[in-house]
Amino acid sequence: MIQIENLRVSKNGSTICRAAELSVQAGERIGIYGANGSGKTTLLRVIAGLERDFQGRCQVTADQPNRIYVHQNPYLFRGTVLRNVTYGLRARGVSHKTGEEQARAWMEKLGIAALAGRRVNHLSGGERRRTALVRALVLRPPLLLLDEPLAEMDAEGEAQVIQALGELESTTVLIASPAELPDGLVSKRFVIGRPD
């Protein structure tokens with residue numbers, strides 16, 4: 001699924017991300033750990049195909065539309081939570097009725113079903129994060145890249161995310177985090193050190 005060798009990303013003459021080797025098989029759950037500034041987000045962006053200016057090798061078998069990246073500060077579109085969650089489904093030609101049914105089912109799993117009609121500018125940080133996660137999960141992508149998805153979540157929210165990710169058995173998941181992730185969320189670890 002993913003093969004990285006001698007990856008290096010530099011900006012303004014400084015190396016901001018370095019990864020000697022990372023191999024990820026289809027369906028694996030990988031925790032990417034490192035301190036702030038170690039390049040975790042940049043690594044996810046390279047894998048997502050959003051950062052193309054790098055040295056080394058990064059080969060990903062999933063094509064671009066099937067690599068779903070959820071940023072640590074997710075962007076939400078104007079409108080309601082439900083409209084945001086169904087956005088990707090609509091873009092992929094899923095009917096309105098089917099898309100809404102799928103969206104509501106995933107919103108229930110992540111505990112935000114009651115927020116369906118709420119406008120996104122009235123959400124808390126944790127609610128925004130869950131909305132962005134549901135928008136990604138409902139697509140059941142082959143490759144899911146999550147940047148600190150559990151930040152601003154309480155224990156109940158964490159449990160809901162772990163359970164929901166468990167339902168995506170064929171999805172390869174990479175999760176960037178500054179701290180150890182809860183048991184059951186990842187099966188392998190990749191530690192990224194400060195680049196310089």
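Each residue of the stretch 53-59 in turn: what ³J(HN,Hα) in whole Hz from Karplus with 6.51, -1.76, 1.60 and θ = phi - 60°, glycine and Pro shown as x?
After applying 6.51 cos²θ - 1.76 cosθ + 1.60, I find 8, 8, 10, x, 10, 9, 10 Hz.
Go through the stretch 119-124 residue by residue and turn each phi into a ³J(HN,Hα) via Karplus (6.51, -1.76, 1.60, θ = phi - 60°); whole Hz please, and just put x for glycine and proline.
The phi angles translate into 6, 5, 6, 10, 9, 6 Hz.
Given only helices, namely DSSP H runs of n ≥ 4 each adding -39500 (n - 2.57), what is the per-residue ellipticity at 222 nm of the chain, to the nearest 500 deg cm²/dmol?
It lands at -9500 deg cm²/dmol.
Principal axis lengths of the chain from Cα atoms, whole Å, largest first?
In descending order, the Cα extents are 47, 34, 33 Å.
Taking H placed 1.01 Å from N in the peptide plane, check which residues at least 5 places from residue 172 or on another chain put their amide H under 5 Å from its amide H.
Sorted by chain and number, the residues that satisfy this are 27, 143, 144.
Give me the one-decimal Kirkwood hydrodynamic radius in Å for the stretch 100-186, with the sum taken over alpha-carbon pairs.
Hydrodynamic radius (Kirkwood, Cα only) of the stretch 100-186 equals 13.3 Å.
Which of the GluC sites (Glu not before Pro) across the stretch 152-196 are loop residues per DSSP, with 11 or fewer other Cβ within 10 Å?
Answer in residue order: 167, 169, 180.
As I understand it, the value is the acute angle between the Cα axis of helix 125-137 and the longest principal axis of the Cα atoms of the chain; what does it come to in degrees, rounded to 10?
Relative to the chain, helix 125-137 is tipped by roughly 90 degrees.
For the chain, set up a Gaussian network in which alpha carbons nearer than 10 Å are linked by springs, and say which option among 129, 45, 118 fluctuates the most.
118
For the stretch 105-115, what does the Karplus curve 6.51 cos²θ - 1.76 cosθ + 1.60, with θ = phi - 60°, yield as ³J(HN,Hα) per residue in whole Hz, taken in order and with x for Gly and Pro?
5, 6, 5, 4, 4, 9, x, 10, 4, 5, 8
With a cut-off of at most 14 other beta carbons within 10 Å, and DSSP calling the residue loop, which chymotrypsin sites (Phe, Trp or Tyr not before Pro) in the stretch 70-128 qualify? Please list them.
75, 77
Values in this text are rule-based calculations from the coordinates and carry no lab data. The structure presented is a predicted model; accordingly, all values stated were derived computationally and were not measured. Neighbour counts run over all protein chains shown; Cβ positions are idealised from the backbone, glycine included.
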